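J.: First the structure, then my questions, so here it is.
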Amino acid sequence: MRKIILASVLMLVSFSSAYALDKGGMFFEPMLTYETTDTGNVNFPAPTGSSDTTLKGWGTGARFGFHVLDILFLGADGRYSIPKFKDTTLGQDTDSKSWNASALAGVQMPWIVGLRAWGNWIFAGEVDPDNSRNVDEKFKSANGWRLGVGMKVAVVSLNVEYQDIKYDKTDITSVGVFNTGFSSDGTELHNKAWVFSVSFPFGL
């Protein structure tokens with residue numbers, strides 16, 4: 001009997017939160033993500049030249065914003081992940097830390113079950129691979145876009161996104177035994193990737 005009561009209470013809370021979300025107001029949406037590179041490259045200076053790269057791994061994030069007219073939503077989106085970074089020319093295969101921040105706008109069906117679609121403008125971010133093959137670099141000044149669709153049921157949303165991010169500045173801290181402290185606006189990481197996520201949009 002207690003299990004039935006507990007399940008009923010949880011369902012009531014979920015549907016109440018989903019109803020509040022659909023009727024407008026503020027929302028908060030934590031998420032779990034997995035990203036995998038579609039295409040990626042770094043244009044190192046000569047003689048190294050262009051190198052194919054990949055980023056694959058798990059992450060987390062959250063959106064915060066507000067709804068307008070039940071079907072429009074606007075807000076901020078922050079992501080943090082720990083993907084595996086691979087580079088074909090330098091032979092790097094190492095863990096990395098990555099984050100990005102963006103503004104988003106989207107539409108959704110104003111029901112407990114419904115489709116959602118959104119777009120993001122990414123205006124900040126970094127990818128910081130661990131030292132590998134005696135090279136320690138950090139890719140900075142991210143900018144780009146992300147498009148996504150999702151299916152929401154109560155307070156759970158299953159999502160697929162595609163993003164295109166360029167990192168316009170690179171800090172090369174060390175190469176071999178030399179601490180270079182070198183920063184370059186001409187060395188860029190360009191990464192196009194799929195992002196799969198499950199998120200939990202709550203009305204506030």
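The values are calculated or read from the model by the stated rules, or taken from the named source; none is laboratory data. This is a predicted model, so every value here is computed, not measured. Counting neighbours? That spans all protein chains shown, and the Cβs are built from the backbone with ideal geometry, glycine included.
J.: Quick one: is Leu32 at pLDDT 80 or above and of a type in the set (A, V, I, L, M)? Steps first, answer last, please.
T.: Working: at pLDDT 80 or above: yes; of a type in the set (A, V, I, L, M): yes.
Yes.
J.: Considering every residue within the range 70-85, establish whether at least one is in contact with a Leu (Cβ under 9 Å, 6 or more places away or on another chain) and of a type in the set (D, E, K, R).
T.: For the range 70-85, residues in contact with a Leu (Cβ under 9 Å, 6 or more places away or on another chain) and of a type in the set (D, E, K, R): present.
J.: Restricted to the range 84-110, and to residues that are closer than 27 Å to Phe202 by Cα and in a loop (DSSP other than H, G, I, E, B), which residue is nearest to the chain's Cα centre (by Cα)?
T.: Met109
J.: Just a yes or no: is a residue in the range 122-132 surrounded by 14 or more Cβ atoms within 10 Å (Cβ to Cβ), under 28 Å from Asp70 (Cα atoms) and either among the basic types (Lys, Arg) or at pLDDT 95 or above (or both)?
T.: Yes: one or more hits.
J.: Also, I was wondering about something else. If I ask for residues that are farther than 20 Å from Asp95 by Cα and modelled with pLDDT under 95, which ones from the range 45-71 would you list?
T.: Of the range 45-71, the ones farther than 20 Å from Asp95 by Cα are 45-50, 62-71.
Residues satisfying the conditions are Pro45, Ala46, Pro47, Thr48, Gly49, Ser50, Phe66, His67, Val68, Leu69, Asp70, Ile71.
J.: Which residues, counting only those in the range 58-83, are part of a strand (DSSP E or B), more than 11 Å from the chain's Cα centre (by Cα) and either over 30 Å from Gly25 (Cβ atoms) or among the hydrophobic types (A, V, I, L, M, F, W, C) (or both)?
T.: Correct list: Phe64, Phe66, Val68, Leu72, Phe73, Leu74, Ala76.
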